[in-house]
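*Asks:* Just dropping this structure here.
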Amino acid sequence: MKKVLVARAVFPEVLEALRAHFEVESNRDDTVWSKSQLIERLQGKAGVFATGSERIDAEVLAACPGLEAVCNMAVGYNNIDVAACTARGIVVTNTPDVLTETTADFGFALMMAAARRMAESERYLRRGEWLKWHYDQFMSPDVHGTTLGILGMGRIGQAIARRGALGFGMGVIYHNRTRLPADKEAAVHARYVDKATLLREADHLVLVVPYSPASHHAIGAAELAQMKPTATLTNIARGGVVDDAALAAALKERRIAAAGLDVFEGEPRVDPALLEVPNVVLTPHIASSSVRTRRAMADLAADNLIAALGCGSRAGRPPTPVNAEALAAR
Ligand code: 8YV
């Protein structure tokens, strides 16, 4: 039996499914291991069930020569050096599709919460400051009928576009490295624009672009300066896509109206300047966290690991590989 490591706590049923095929070392305490602790536990392991919190970089791979599969319980895989894995013939998998609609729901909710000042007004109520109604209390920009801007137009971006166009009568504009084919654009009611137009015209800008060196600080001081003072910014993509310090300054000076953030640079640490500003809704990276979706993500990551290591009914054919070339080379 091959040995695998489950790097974080996960549903017991998922551990059971893995135990049918492998000798499983799990992380019951859900300790966030240092790199050296991770390397130590990966010794002798053929596969790892990872989450976005574990960095599987070239140093880790070099120290763990037995590794054959790295299976992420996340659609994003910027925590993994995929090129280094491919070079070593290590299969990398992620969990696309199963989280699309849940994550889009959350992104839309976060955008609405930021736009309609829900967190800010709730804090005011909890502080006991609500003593009377008045005509301009927590007035905010509207959501319906405004312009929704989307940066990144993969599966989640398209699901958000549909919500905006069909549910809220929004005009939807987007920018992406590659433009969608015309039929897909029509299906999501979105119009392609350049980045400058997106920044200038969006009333509510939602970020769903994967993190890479190319998207690092895609929204920084210069980009924030191009947005409307009434606009909102929502980041459900990855910390690092936004320059959090620049955003905190823009929010403080009301250069944009509000923001909703589910992801942060260096999370779980949050820039203290963001904690100081009232016009931001902050959530702890939970966009995919519905009961059904987290379970589906874990099941898919386990199915990937089982198949990537040559077991189960899909032996050698993991459902959602990131580097199919590593499989082909086997
Ligand atoms: C995960 C995510 O919860 O799938 C992703 O890329 O960001 C989230 O759904 C997180 O990465 C933990 O694995």
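The values are calculated or read from the model by the stated rules, or taken from the named source; none is laboratory data. What you see is a predicted model, and the numbers here were worked out from it, not measured in a lab. Cβ sites come from the backbone with ideal geometry, for glycine too, and all protein chains shown count toward neighbours. For the accessible areas, the whole protein counts, side chains as well, though only heavy atoms, and no ligand, DNA or RNA atoms are used. Shrake-Rupley method; radii C 1.70, N 1.55, O 1.52, S 1.80 Å.
*Asks:* Select from region 44-63 the residues that are open to solvent by 10 Å² or more (accessible area, probe 1.4 Å) and within 16 Å of the ligand (Cβ to nearest atom) and list them in ascending order.
*Replies:* Those that are open to solvent by 10 Å² or more (accessible area, probe 1.4 Å) and within 16 Å of the ligand (Cβ to nearest atom): Thr51, Gly52, Ser53, Glu54, Arg55.
*Asks:* Across region 174-198, what is the total count of residues that are of a type outside the set (Ser, Thr, Tyr) and crowded, with 21+ Cβ neighbours inside 10 Å?
*Replies:* 4
*Asks:* With a cut-off of at least 2 residues that are surrounded by 15 or more Cβ atoms within 10 Å (Cβ to Cβ), touching a residue at least 60 places away in the same chain (Cβ under 8 Å) and not aliphatic (A, V, I, L, M), name the helices (runs of 4 or more DSSP H) lying wholly within region 263-330. Step through it out loud before you land on a result.
*Replies:* Values: elements: 272-276, 291-308, 324-328.
By residue number, 291-308.
*Asks:* Taking the criterion of being in the same structural domain as Gly310 (by TED's automatic domain parsing), open to solvent by less than 40 Å² (accessible area, probe 1.4 Å), farther than 30 Å from Val281 by Cβ and in contact with a Pro (Cβ under 7 Å, 6 or more places away or on another chain), would at least one residue in region 14-31 satisfy it?
*Replies:* For region 14-31, residues in the same structural domain as Gly310 (by TED's automatic domain parsing), open to solvent by less than 40 Å² (accessible area, probe 1.4 Å), farther than 30 Å from Val281 by Cβ and in contact with a Pro (Cβ under 7 Å, 6 or more places away or on another chain): absent.
*Asks:* Would you point out which residue out of Gly149, Gly239, Gly157 is in the same structural domain as Leu261 (by TED's automatic domain parsing) and over 20 Å from Ala115 (Cβ atoms)?
*Replies:* Selected residue: Gly239, the only one of Gly149, Gly239, Gly157 that is in the same structural domain as Leu261 (by TED's automatic domain parsing) and over 20 Å from Ala115 (Cβ atoms).
Matching residues to (1) without any contact (Cβ under 8 Å) to a residue 40 or more places away in the chain; (2) under 16 Å from Ala258 (Cα atoms); (3) among the small types (Gly, Ala, Ser):
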| site | (1), (2), (3) |
| --- | --- |
| Gly149 | no, yes, yes |
| Leu166 | yes, no, no |
| Gly171 | yes, no, yes |
| Tyr174 | yes, no, no |
| Leu180 | yes, no, no |
| Asp183 | yes, no, no |
| Arg191 | yes, no, no |
| Asp194 | yes, no, no |
| Thr197 | yes, no, no |
